[in-house]
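Undergrad: Dropping a structure here in structure tokens format, bear with me for questions.
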Amino acid sequence: MDQDLRVVYESRNRQSCADRALVLTSLQIPHQIVDDAGSCLLLVPAALSAQAAGELQLYDEENPPPRPAPVRKTEFQDPVPGLVGYVFVICMVAGMAGYSFFQSNWFVAGRVDGELIRDGELWRLFTALTLHSGLKHLLGNIVFGVFFGLFAGRLLGSGVAWLAIVLAAATGNAFNTLLLESAHRSIGASTAVFAALGIVAGYVWRGKLMNQDRWSNRYGPVVGGLALLMYTGTGGPNTDVGAHLLGFVCGFVAGMLLVRFEPASRDTRTQLLAGTTALAILVISWTIALMI
């Protein structure tokens with residue numbers, strides 16, 4: 001090759017040089033690649049440098065470098081009303097159940113009972129979410145419920161978040177009941193707690209709220225949600241692992257679906273209607289339970 005050479009392309013990425021060398025090869029322009037102090041140089045004879053540079057410019061224009069997907073910006077909403085409502089409801093039910101208000105055994109009336117649910121007492125899927133076996137059980141679900149509910153409320157708004165949590169948790173209870181023996185019984189808001197975690201993970205993943213270029217970021221919400229589920233939802237001899245897992249799965253699906261309804265969730269009336277509906281579901285469920 002002519003010793004009078006000119007540099008027509010330089011890059012720290014050798015593959016980029018190799019790609020452009022193929023362009024020159026297809027045009028039968030003599031060239032060579034030289035590695036120099038961490039850089040890669042593409043050289044051609046001086047007489048052909050103008051032609052080579054022009055062809056490489058056309059190649060660059062036709063093959064622009066991929067641009068990273070922009071990180072989606074989210075306007076966080078007020079989670080406080082939902083958190084206050086959550087704590088108020090489960091504490092109120094705990095107090096009324098403890099003192100047997102209306103001369104009723106709230107635990108018998110409202111717990112998950114596989115046989116009775118199969119017989120049509122579907123309100124138990126909701127009422128069981130508000131019952132707790134003791135102060136430790138109650139405080140644990142308050143702490144984790146507020147923690148995960150905070151993130152769900154910030155993403156979706158208080159009303160939409162807690163309506164989604166209630167429905168996803170009840171669905172998780174339903175699937176868990178169908179998969180277990182008919183004698184299965186359980187109580188507690190933990191299914192709702194893990195539904196909230198699932199909603200956050202599903203919404204963040206499907207909504208691409210994190211940088212999606214790297215696989216670790218792309219699947220980060222899913223892996224993180226499962227890790228928290230394994231760490232906080234599988235311990236203790238009386239832990240209903242199935243309810244926790246299915247609550248998370250149902251919440252994850254709900255979170256993915258809610259991405260499509262994000263614009264509507266920004267409306268104050270929508271939030272109020274959703275929050276009122278969530279509360280009404282629990283009130284109606286308990287009214288039926290205590291009247292039977």
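Undergrad: Determine which member of the set 227, 264, 274 is modelled with pLDDT of 80 or more and either part of a helix (DSSP H, G or I) or in contact with a Gly (Cβ under 8 Å, 6 or more places away or on another chain) (or both). Full working, then the answer.
TA: Numbers: 227 fails: modelled with pLDDT of 80 or more; 264 fails: modelled with pLDDT of 80 or more.
Result of the check over 227, 264, 274: 274.
Undergrad: Only one of 184, 132 is more than 18 Å from the chain's Cα centre (by Cα) and at pLDDT below 90. Can you tell me which? Walk me through how you get there before you give the answer.
TA: Values: 132 fails: at pLDDT below 90.
Of the residues listed, the single one that is more than 18 Å from the chain's Cα centre (by Cα) and at pLDDT below 90 is 184.
Undergrad: Now, a different point. Could you check residue 144 against (1) touching a strand residue (DSSP E or B) at 6+ places or on another chain (Cβ under 8 Å); (2) of a type outside the set (Asp, Glu); (3) surrounded by fewer than 24 Cβ atoms within 10 Å (Cβ to Cβ) and say which number it fails?
TA: The number of the failed condition is (1).
Undergrad: I'd like the residue in segment 163-187 that is in contact with a Ser or Thr (Cβ under 7 Å, 6 or more places away or on another chain) and among the hydrophobic types (A, V, I, L, M, F, W, C) and, out of all such residues, is nearest to residue 198 (Cα to Cα). Full working, then the answer.
TA: Narrowing segment 163-187 to residues in contact with a Ser or Thr (Cβ under 7 Å, 6 or more places away or on another chain): 163, 169, 172-173, 184, 187.
Remaining after also requiring among the hydrophobic types (A, V, I, L, M, F, W, C): 163, 169, 187.
Values: 163: 14, 169: 10, 187: 19 Å.
In this case the residue turns out to be 169.
Undergrad: Please go through segment 177-187 and pick out each residue that is surrounded by fewer than 24 Cβ atoms within 10 Å (Cβ to Cβ) and in a helix (DSSP H, G or I).
TA: Within segment 177-187, 178, 179 qualify.
This table checks each residue for (1) buried (at least 19 other Cβ atoms within 10 Å of the Cβ); (2) without any contact (Cβ under 8 Å) to a residue 60 or more places away in the chain; (3) among the charged types (D, E, K, R); (4) in contact with a strand residue (DSSP E or B) (Cβ under 6 Å, 6 or more places away or on another chain).
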| position | (1), (2), (3), (4) |
| --- | --- |
| 242 | no, no, no, no |
| 247 | yes, no, no, no |
| 254 | yes, no, no, no |
| 266 | no, no, yes, no |
| 269 | no, yes, yes, no |
| 276 | no, no, no, no |
| 280 | no, yes, no, no |
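Undergrad: Please verify whether segment 61-78 includes one or more residues that are in contact with a Phe, Trp or Tyr (Cβ under 8 Å, 6 or more places away or on another chain) and of a type outside the set (Val, Ile, Thr). If you could, list the steps in order and put the result at the bottom.
TA: To start, the set of residues in segment 61-78 that are in contact with a Phe, Trp or Tyr (Cβ under 8 Å, 6 or more places away or on another chain) comprises none.
Checking segment 61-78: not a single residue is in contact with a Phe, Trp or Tyr (Cβ under 8 Å, 6 or more places away or on another chain) and of a type outside the set (Val, Ile, Thr).
Undergrad: Select, from 158, 190, the only residue that is buried (at least 20 other Cβ atoms within 10 Å of the Cβ), in contact with a Pro (Cβ under 7 Å, 6 or more places away or on another chain) and of a type in the set (Ser, Thr, Tyr).
TA: 158 is the lone residue from the list that is buried (at least 20 other Cβ atoms within 10 Å of the Cβ), in contact with a Pro (Cβ under 7 Å, 6 or more places away or on another chain) and of a type in the set (Ser, Thr, Tyr).
Undergrad: How do the helices (runs of 4 or more DSSP H) wholly within segment 25-111 filter down when requiring 1 or more residues that are in contact (Cβ under 8 Å) with a residue 12 or more places away in the chain, out of contact with any helix residue (DSSP H, G or I) (no Cβ under 6 Å at 6 or more places or on another chain) and of a type in the set (A, V, I, L, M): which remain?
TA: Values: elements: 49-62, 80-98, 106-110.
So the answer is 49-62, 80-98.
Undergrad: Looking only at segment 29-83, how many residues end up being within 30 Å of residue 259 (Cα to Cα) and modelled with pLDDT under 90?
TA: In the first step, residues of segment 29-83 are kept if they are within 30 Å of residue 259 (Cα to Cα); the result is 65-83.
Filter once more, keeping what is modelled with pLDDT under 90: 65-76.
So the count comes out to 12.
Here is a yes/no grid of residues against (1) closer than 30 Å to residue 206 by Cα; (2) surrounded by 13 or more Cβ atoms within 10 Å (Cβ to Cβ); (3) in the same structural domain as residue 148 (by TED's automatic domain parsing); (4) not charged (D, E, K, R):
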| position | (1), (2), (3), (4) |
| --- | --- |
| 15 | no, no, no, yes |
| 36 | no, no, no, no |
| 51 | no, yes, no, yes |
| 86 | yes, yes, yes, yes |
| 96 | no, yes, yes, yes |
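Undergrad: Check residue 157 against each of (1) closer than 24 Å to residue 174 by Cα; (2) in contact with a helix residue (DSSP H, G or I) (Cβ under 6 Å, 6 or more places away or on another chain) and name the one condition it does not meet.
TA: (1)
Undergrad: Of all residues in segment 112-152, which are touching a residue at least 40 places away in the same chain (Cβ under 8 Å) and acidic (Asp, Glu)?
TA: Passing the criteria: 113, 115, 121.
The values are calculated or read from the model by the stated rules, or taken from the named source; none is laboratory data. Just so it is clear, the structure is predicted and the values come from calculations on it, not from any experiment. No Cβ is skipped: glycine too gets one built from the backbone with ideal geometry, and neighbour counts run over all protein chains shown.
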